[in-house]
Amino acid sequence: MARYHPSDDWLVAYASGAVDEQTSVLIATHLTYCPECREEVARHEEIGGALLDVLGAGDAGDAPDEAPNITAPDSNMVPQDEDAPLPKGSLADIAPTPLLKYIYDLTGKTDLEQLSWTFYGVGIDRAVLVDGPEGPLVRLLKAQPGAKFPHHRHLSEELTVVIQGAYKDNTGRYDVGDVQCVSMEAAHQPIVEEGDVCIALVVSERPTVPTNFLARVAQRLLDA
Amino acid sequence: MKGTGMQAASGSIDAESTARLASKRRARSDERTVLLLRVKRERCEASFNELYRYYAPRLCAFLRQKGASDRISQEVMQDVMARVWEKAHQFDAATANASTWIFTIARNRFIDHVRKESRSEVDMNDPLLVRDPTPAPDAGLQSAEASLALRTAIAALPQAQAEILKLIYLRGMKQQAVATQLSISLNTVKSRLRLALEKLRREMENI
């Protein structure tokens, strides 16, 4: 079971609907592995429901008093949920449904091998899923056993969830389902454990910068 | 458990009625949940209309708090209530009461309509899902008393804590945004929220 969880702030924000789409994917991926956090989110939703009651009609202004035809049998107001089954690719074996759906919606692919992987470091590939000029930056990282990430610094808060393998850094050991939250300005160097290839989803507002000068130059060349 | 002191002081008849009340606690749902279950099982329109009269103004107020205009609030509210009717068969009184369930629908419809995003959720049939190895026998069961206790506790919160709770849960703000809006430090937001949640949690766990 997962040992590293999103902070309460993130779980409340997930329950209240305050998180953006990519963060909701990352948290829902963790929740798939973590019954404790599912229970926490349910509690926060319960508080939301209670606050809805407490709001009272007093604040409501001119809300209508009777239900317009919603109960009519030919009511077409609610579209049916389209839940077409996703094509069965290699990603389905390791990615929980929220992540699998998200990747399929963005890329049309469910095969790990078919994503656009680019070189990121020795033994490390990354597939960028979302990258806008104003953020967010969403990517999958795939690192070989024993791979060392370049020592790097974060320009924004970053969330990572592991879906296969495990890595370590100076703060702990992150295994399947674990979430690491790295705060802005923090620097670290993850090292992948021997055994499985490590695959993780990483969400942040801004990219990271290598702390080493030569590595910074190399990254600029790679990103160009 | 609350009431043990009173029991001891007022003799065996009260002890019996306390025990009866305790057993009722396990079973009885709050009024709105009963109505929603009637909609689910019997497609009861009168019950639905009662729910509509109760929730329509609250949902509109909720949506306006989140920044929707009057017109959009009305539209989203209608959509939420249409879903309550259409999806009532999915309502499970063992995991949520009516207000909690409707809160989650409204939250999702707001994200969909206004933010034009979707919100990712756990698939409870996911083959990768890790189940709770030791679920409490009545975990998540929401009795009328539990939901009343929670609402009473919210009403009793100091104004400063209640305000933060509303901004976070209803308006959907992150803690940093709340600090900026109220011109207080992030640590003050965190400590007020923690105090409020500790009080509410005690009430939720006491029942």
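Read-outs throughout are calculated quantities, based only on the coordinates presented, and are distinct from any laboratory measurement. All figures in this text were calculated on a predicted structure; none of them were measured in a lab. All Cβ positions, glycine included, derive from the backbone under ideal geometry; neighbour counts span all protein chains shown.
Using a 10 Å cut-off on Cβ to Cβ distances, tally the other chain neighbours for every residue of B:49-62 and report the average as a whole number. Write out the running numbers ahead of the final one.
Details: counts 5, 1, 1, 8, 6, 2, 4, 7, 11, 11, 4, 8, 9, 6.
Going residue by residue through B:49-62 and averaging, the value is 6.
Under a cut-off of 20 Å between alpha-carbon atoms, report the lysines in cross-link reach of residue B:199, not counting same-chain residues fewer than 8 places apart.
Within reach: B:2, B:166, B:190.
Under a crude label model (7 Å from the Cα following the beta-carbon direction), how far is residue B:95 from residue B:191 in nanometres?
The two pseudo-label positions are separated by 3.8 nm.
Specify the angular offset, from 0 to 90 degrees and rounded to the nearest 10, of the alpha carbon long axis of helix A:213-223 from the longest principal axis of the alpha carbons in chain A.
60
Provide the FRET efficiency to the nearest 0.05 for the residue B:71-residue A:184 pair, computing r from the beta carbons and using R0 = 35 Å.
Computed FRET efficiency for residue B:71 and residue A:184 comes out at 0.35.
Using the Karplus curve 6.51 cos²θ - 1.76 cosθ + 1.60 with θ = phi - 60°, what ³J(HN,Hα) values do you get for each residue of the range B:46-51, in whole Hz, with x for Gly and Pro?
Along the range B:46-51, the couplings run 5, 5, 4, 4, 5, 4 Hz.
What distance in nm lies between label points placed 7 Å from Cα along the C-beta direction at residue A:122 and residue A:134?
Spacing of the two 7 Å Cα→Cβ label points: 4.1 nm.
Which lysines have a Cα lying under 19 Å from the Cα of residue B:40, excluding residues fewer than 8 positions away in the same chain?
Within the straight-line cut-off, residue B:40 pairs with B:87.
How high is the FRET efficiency between residue B:201 and residue A:84 when r is their beta carbon distance and R₀ equals 41 Å, given to the nearest 0.05?
On the way: r = 40 Å, r/R0 = 0.98.
The value I calculate is 0.55.
Restricting to lysines 8 or more places apart or on different chains, can you count the pairs in chain A with Cα atoms under 16 Å from each other?
Taking chain A as the scope, the lysine pair count is 5.
Within a 10 angstrom radius of each residue's Cβ in A:109-115, how many Cβ atoms of other chains show up on average? Whole number is fine.
0
On average, how many beta carbons from a partner chain sit within 10 Å of the beta carbon of a residue in A:89-97?
3
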